[in-house]
Number of protein chains: 2
Amino acid sequence: MSTQNLKVIPLGGLGEIGKNMMALEYADDIIIIDAGLMFPSEGMLGVDLVIPDISYLRERQRNLRGMLITHGHEDHIGALPYIVPYLDLPIYAAKFTQKLISAELRQRGAKDKAKLNVVHSGSKLTLGNFKVEFFPVCHSIPDSMGLIIHTPLGVIVHTGDFKLDYTPIIAEPTDFGKIAQLGAKGVLLLFSDSTYAELAGYTLSERIVSDTLDHVMAEASGRVIITTFASLVSRIQQVIDAAAKHGRRVFILGRSMKEIANVALKMGYLTAPAGILCRLDELGTLPNNRVVLLATGSQGEPTSALVRMANRDPRSQVQIAPGDTVVISATPVPGNEALVNKTIDSLFRQGANVIYDKLARVHVHGHGSQEELKLLLNFVKPKFFVPVHGEYRHLRLHAKLAESLGMPGDNIFVLEDGDVLELGQEAGRIVDKIAADNVYVSGSATYDLDDAVLRDRRLLSQDGVVVITIAVDVEKRKLAGRPRVVARGFIGSRDGGALIEKCLDVVVAALSRDKKRLAERNFIEDRVRNSLADFFYKQIHRCPIIIPVITGV
Amino acid sequence: MSTQNLKVIPLGGLGEIGKNMMALEYADDIIIIDAGLMFPSEGMLGVDLVIPDISYLRERQRNLRGMLITHGHEDHIGALPYIVPYLDLPIYAAKFTQKLISAELRQRGAKDKAKLNVVHSGSKLTLGNFKVEFFPVCHSIPDSMGLIIHTPLGVIVHTGDFKLDYTPIIAEPTDFGKIAQLGAKGVLLLFSDSTYAELAGYTLSERIVSDTLDHVMAEASGRVIITTFASLVSRIQQVIDAAAKHGRRVFILGRSMKEIANVALKMGYLTAPAGILCRLDELGTLPNNRVVLLATGSQGEPTSALVRMANRDPRSQVQIAPGDTVVISATPVPGNEALVNKTIDSLFRQGANVIYDKLARVHVHGHGSQEELKLLLNFVKPKFFVPVHGEYRHLRLHAKLAESLGMPGDNIFVLEDGDVLELGQEAGRIVDKIAADNVYVSGSATYDLDDAVLRDRRLLSQDGVVVITIAVDVEKRKLAGRPRVVARGFIGSRDGGALIEKCLDVVVAALSRDKKRLAERNFIEDRVRNSLADFFYKQIHRCPIIIPVITGV
């Protein structure tokens, strides 16, 4: 029995959704679970995406034994292109996941730097003191895996993202047997998915969506247009099956949907009767009631196939026509509600009949609800429990569930990113807090974006910028000519002109009050800033960023 | 029988939620229904609020007979302070509504200009060719009214915002009798609330919230902190009743909540047993299980009482303590989800137990669901139907409901703001489209904000601004000294310095290529802009707004 302690260090995904990343440390060995990205929230102006801070890992490069990827969603693999160049370690992922990772790395030109290894359910790895085994879990993308990690202190179970669908469309259902056996032998620590800890009851099976699709395709007298997440391969399978049943052909629109469907077909995760998948140029040859279009755009992404159709974008190869039935087979990811609603409105305006989550069972989500979370806790019977994947309230509610099952509160740890939990065999405590801030990615690379920059962007977005140029004749202590102004994002041209003219008089007057100080740049700049700020606020209650440019001093 | 036609002109609230305003025109008479505001959506940078365009009405000033206000919510009265100064006409509203209007007008200094008149359910007005009668409807604010409008062409029924709560907490339930009688006699046109046309079934009665509050106050061993909409007086009544039942005192926090509660108490819409409402300085004298705090902040408003508590704001008179139970007795208004979730997370972090819509029946909304909308259509049996109050999909779904009841599609008009519907006794059609765009309000006044300004703000918010000053020696056709740069919202200080230095070399090089043209301002400006834009994009994939300031030319 070891006297060493195990360190659990969440680097992302705990307390905030997305950019999932977790480090486990024992003696000189560190393994990492997942490396996801997060999409920027409203305040993060000009940010393309957000990834975890890996400085803790970079400082311990020689201890890194390997990275384990649970599944291929962006919030679990999306950070890889940006961190692979800085972390030298082998990456282990299942076949489908590995394909998606390769594609992303290739896109970002980081492919060659990555040591990718394919694993299967049942694969066993030895990474220093950690012995890892993968087991299948049911989620909304093929090849989702949970982890069993044997450590000198005991066994750790990590669910990844999961639900307990007894009748999944493709892929194996979550492997209870294995988990239950472990539980019987005794599990030291459980990490379990908290994403839907708010929802009572059980998550419905994917099967119910088949019934809806079946019904829609039977009823629709015209074309059926369906959008869903490109990576939700099982949903694509359901669409193909329903289309086959009702003698409709399937046309796939949108780059990501086409790519993933092709990969899934080649790898056998997707099966289609011969001839049912058609090329778009064959569309004209079929009557409308023989057509199913499967398109990207379930989140109202402005450049997606569905949104271009909805907006009559000339670049779109297909246009919405009255009589079309559109099924939004997804729910909006938090933050996308407005975009999705706007898309639904546009589709209705084009004369389509739109069926979406509020109107019918067009989607079931990929995470377990409260009863499933309880069931898992009962199977695993862990000594310690750390809820993962969720905003703070989700983690807290998941912890309450565990307590309601009789688990002692002292053995449940609601961690947030950067907390360092040290576990012994009998007890654990948070011993440290490391840097685990957001790292912003913009364009091609991670780059330096401090709060001052974001604050300025917020100000600029509210009231714009006013640049005023003042030429000073230092000898004569007077202004050399009238100041000049350039304003952007400040005020419209109608009222703008007059206001700008007036503001020049204000500046001239303000500076003429202390002529003898017209040799001091700082004095002039402050005077200009203050007098203009007062003026603009009094006149129109606006506070633009004012940039004085002083020449001649 | 008249040969004239009736004109229906929605100026706001159809196709987009909020800023409800509708004009009805017959011969030389125009009446207006409601004058609401809309809160800006994400793209409307720097906009405080949005009101309807009233230019159509201003051009017909001498035909304006009166304005009818259905109830006191912002999306029905919020535009009044900004339009009252420009429209000379009497305004009719029920007692409670009128109080709220007065308060808003006073705040904005427009009180003296308004001709406010109080009406009651049953009040009858003659406004030119229009004879108007008010009838009570049940909604989430006291004194909500529907309208019966007699015209030479026939009777119009306008529901206002409504639901059919048979057991409301305060105020009268919606008056079926009156509506049914009208239906029997024949109704020309129905305007009905579409806000919840997406929801199947019936909207639950406010009563069920009482059960939840009762349960929470019985179970909670500590303080109970409840937040809801300040104007939801019936909810405040439920809180007071539950508190009384469980021997708890009620403390109200937040300006708007205090103000409205006081008004409602004075006017008798709210009743409280003597001594149950306490001043905050008495808080310390009571044990926690005798305390209920009623606070603003149901939408996560950053300056609200609850959010200040959640964030340990020193300005807050009360702090959250472990053992507190917080009830969010509301649902997030679309767009506020993130703010509300952030607040819930903060409350959990402070050790509170938080109960919100996903976990319990803490709220019911104020609008009728599909079954209620059908019931109303059946009562009224209108010849023509115009769904009102909703985004486009809500209007379209409401229209489908009417068709499903056997109403001919040609008699149902899904209008959007600015459409001019001309109705005769037998048929109607859209004859025109008038200007009904958003009018932006910022700070104290409506002001000029064209698309160019919003576009610049969007660019500034993404990548910031770079101001580069270039002094030219025209005689010598060379730069007089090294250019200077000021950047805001562009890049952080760490990587910024070096990049800025390099960009100066780029500019100098770019300009030195055509020295002879260094007398042409436009040439210099273009050269600077283009060379810097290329450089910044190549270097960090960013596109700041570049403002060249050229002196000496």
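The values are calculated or read from the model by the stated rules, or taken from the named source; none is laboratory data. All values reported here derive from a predicted model rather than from experimental measurement. Positions of Cβ are backbone-derived with ideal geometry, glycine not excepted, and every protein chain shown enters the neighbour counts.
Provide a single number: the residues in region B:12-44 that are in a loop (DSSP other than H, G, I, E, B) and among the β-branched types (Val, Ile, Thr).
Counting residues in region B:12-44 that are in a loop (DSSP other than H, G, I, E, B) and among the β-branched types (Val, Ile, Thr) gives 1.
A:ASP450 is checked against (1) within 7 Å of chain B (Cβ to nearest Cβ); (2) surrounded by 16 or more Cβ atoms within 10 Å (Cβ to Cβ) and fails just one. What number does that condition carry?
Among (1) within 7 Å of chain B (Cβ to nearest Cβ); (2) surrounded by 16 or more Cβ atoms within 10 Å (Cβ to Cβ), the lone unmet condition for A:ASP450 is (2).
Restricted to region B:457-500, and to residues that are under 21 Å from B:ILE524 (Cβ atoms), in contact with a Lys or Arg (Cβ under 6 Å, 6 or more places away or on another chain) and within 7 Å of chain A (Cβ to nearest Cβ), which residue is surrounded by the fewest Cβ atoms within 10 Å (Cβ to Cβ)?
Here is the first cut: in region B:457-500, the residues under 21 Å from B:ILE524 (Cβ atoms) are B:465-487, B:500.
Next cut, in contact with a Lys or Arg (Cβ under 6 Å, 6 or more places away or on another chain) only: B:465, B:469, B:477.
Filter again for within 7 Å of chain A (Cβ to nearest Cβ), leaving B:465, B:469.
On the way: B:VAL465: 26, B:THR469: 19.
Top of the filtered list is B:THR469.
Anything in region B:230-247 that is touching a strand residue (DSSP E or B) at 6+ places or on another chain (Cβ under 7 Å) and either modelled with pLDDT under 95 or over 26 Å from B:VAL333 (Cβ atoms) (or both)? List them, or say none. Talk me through it step by step, then tell me what you get.
Residues of region B:230-247 touching a strand residue (DSSP E or B) at 6+ places or on another chain (Cβ under 7 Å): B:236, B:239-240, B:243.
B:ALA243, the sole residue that qualifies.
Out of all the residues in region A:454-474, is one or more in the same structural domain as A:ALA35 (by TED's automatic domain parsing), without any contact (Cβ under 8 Å) to a residue 24 or more places away in the chain and within 27 Å of the chain's Cα centre (by Cα)?
no
Answer yes or no as to whether A:MET21 is within 30 Å of B:GLY46 (Cβ to Cβ) and of a type in the set (A, V, I, L, M).
In short, no.
Report, ordered by the first and then the second residue, all pairs with beta carbons closer than 6 Å, sequence separation of six or more or different chains, a first member in region B:142-157 that is assigned by TED's automatic domain parsing to the domain that holds B:LEU373, and a second member that is of a type in the set (Gly, Ala, Ser) and not in a loop (DSSP other than H, G, I, E, B).
Within 6 Å, the pairs are B:ASP143/B:ALA94; B:MET145/B:ALA94.
Determine which single condition B:ALA230 fails, assuming it passes every other condition in (1) closer than 27 Å to B:LEU401 by Cβ; (2) of a type outside the set (D, E, K, R); (3) in a loop (DSSP other than H, G, I, E, B).
The failed condition is (1).
Could you list, in sequence order, all residues of region B:281-316 that are part of a helix (DSSP H, G or I), more than 19 Å from B:VAL216 (Cα to Cα) and basic (Lys, Arg)?
B:ARG308
If B:LYS538 satisfies all but one of (1) surrounded by fewer than 18 Cβ atoms within 10 Å (Cβ to Cβ); (2) of a type outside the set (Phe, Trp, Tyr); (3) in contact (Cβ under 8 Å) with a residue 24 or more places away in the chain; (4) within 14 Å of chain A (Cβ to nearest Cβ), what's the number of the condition it fails?
For B:LYS538, the failing item is (3).
Given A:GLY254, A:GLY275, which one is outside the structural domain of A:GLU372 (by TED's automatic domain parsing) and touching a residue at least 40 places away in the same chain (Cβ under 8 Å)?
When all the criteria are applied, what remains is A:GLY254.
Whether any residue in region A:514-525 is under 30 Å from B:LEU454 (Cβ atoms), among the charged types (D, E, K, R) and surrounded by 14 or more Cβ atoms within 10 Å (Cβ to Cβ) is what I want to check.
Within region A:514-525, one or more residues are under 30 Å from B:LEU454 (Cβ atoms), among the charged types (D, E, K, R) and surrounded by 14 or more Cβ atoms within 10 Å (Cβ to Cβ).
Only one of A:GLU403, A:GLU426 is more than 21 Å from the chain's Cα centre (by Cα), more than 25 Å from A:SER144 (Cβ to Cβ) and within 14 Å of another protein chain (Cβ to nearest Cβ). Can you tell me which? Give the steps one after another, and end with the answer.
Numbers: A:GLU426 fails: within 14 Å of another protein chain (Cβ to nearest Cβ).
Just one listed residue meets the conditions, A:GLU403.
Among the residues of region A:45-73, which ones are assigned to a loop (DSSP other than H, G, I, E, B) and among the hydroxyl-bearing types (Ser, Thr, Tyr)?
Across region A:45-73, the qualifying residue is only A:THR70.
In region B:320-347, which residue that is of a type in the set (S, T, N, Q) and either over 22 Å from the mean Cα position of the chain (by Cα) or within 10 Å of B:ILE226 (Cα to Cα) (or both) is farthest from the other protein chains (Cβ to nearest Cβ)?
Among those that are of a type in the set (S, T, N, Q) and either over 22 Å from the mean Cα position of the chain (by Cα) or within 10 Å of B:ILE226 (Cα to Cα) (or both), it is B:SER329.
Would you check if B:GLN181 is out of contact with any helix residue (DSSP H, G or I) (no Cβ under 6 Å at 6 or more places or on another chain) and assigned to a helix (DSSP H, G or I)? Break it down stepwise before answering.
On the way: out of contact with any helix residue (DSSP H, G or I) (no Cβ under 6 Å at 6 or more places or on another chain): yes; assigned to a helix (DSSP H, G or I): yes.
In short, yes.
Determine whether A:SER205 is crowded, with 18+ Cβ neighbours inside 10 Å, in contact with a Ser or Thr (Cβ under 8 Å, 6 or more places away or on another chain) and under 20 Å from A:VAL388 (Cβ atoms).
Criteria not met by A:SER205.
Every residue in region B:237-263 that is surrounded by fewer than 22 Cβ atoms within 10 Å (Cβ to Cβ), small (Gly, Ala, Ser) and over 19 Å from B:VAL318 (Cα atoms), please.
B:ALA244, B:GLY247
Yes/no matrix, rows are residues, columns are (1) within 14 Å of chain A (Cβ to nearest Cβ); (2) touching a residue at least 12 places away in the same chain (Cβ under 8 Å); (3) surrounded by 24 or more Cβ atoms within 10 Å (Cβ to Cβ):
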residue: B:GLU16; (1), (2), (3): yes, yes, no
residue: B:LYS19; (1), (2), (3): no, yes, yes
residue: B:PHE39; (1), (2), (3): yes, yes, no
residue: B:ASP48; (1), (2), (3): yes, yes, no
residue: B:ILE54; (1), (2), (3): no, yes, no
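Mind checking which residues of region A:153-207 are under 28 Å from A:ASP410 (Cα atoms) and of a type in the set (Asp, Glu)?
A:ASP161, A:ASP193, A:GLU198
Answer with yes or no whether B:GLU501 is without any contact (Cβ under 8 Å) to a residue 12 or more places away in the chain and not in a helix (DSSP H, G or I).
So B:GLU501 does not fit the description; no.
Does A:ILE179 satisfy the criteria of being among the aliphatic types (A, V, I, L, M), closer than 19 Å to A:PHE385 by Cα and surrounded by 19 or more Cβ atoms within 10 Å (Cβ to Cβ)?
Values: among the aliphatic types (A, V, I, L, M): yes; closer than 19 Å to A:PHE385 by Cα: yes; surrounded by 19 or more Cβ atoms within 10 Å (Cβ to Cβ): yes.
Against the criterion (among the aliphatic types (A, V, I, L, M), closer than 19 Å to A:PHE385 by Cα and surrounded by 19 or more Cβ atoms within 10 Å (Cβ to Cβ)), A:ILE179 qualifies.
Keeping to region B:307-319, report how many residues are surrounded by 17 or more Cβ atoms within 10 Å (Cβ to Cβ) and more than 14 Å from chain A (Cβ to nearest Cβ).
The qualifying residues number 5.
Among (1) in contact with an Asp or Glu (Cβ under 8 Å, 6 or more places away or on another chain); (2) free of Cβ contacts under 8 Å to residues at least 40 places away in the same chain, where does A:HIS367 come up short?
That leaves (2) as the condition not met.
Mind checking which helices (runs of 4 or more DSSP H) fall wholly inside region B:331-404 and carry at least 1 residues that are surrounded by fewer than 20 Cβ atoms within 10 Å (Cβ to Cβ), in the same structural domain as B:ALA305 (by TED's automatic domain parsing) and hydrophobic (A, V, I, L, M, F, W, C)? Write out each step before concluding.
Values: elements: B:337-349, B:370-380, B:392-404.
Passing ranges, in order: B:337-349.
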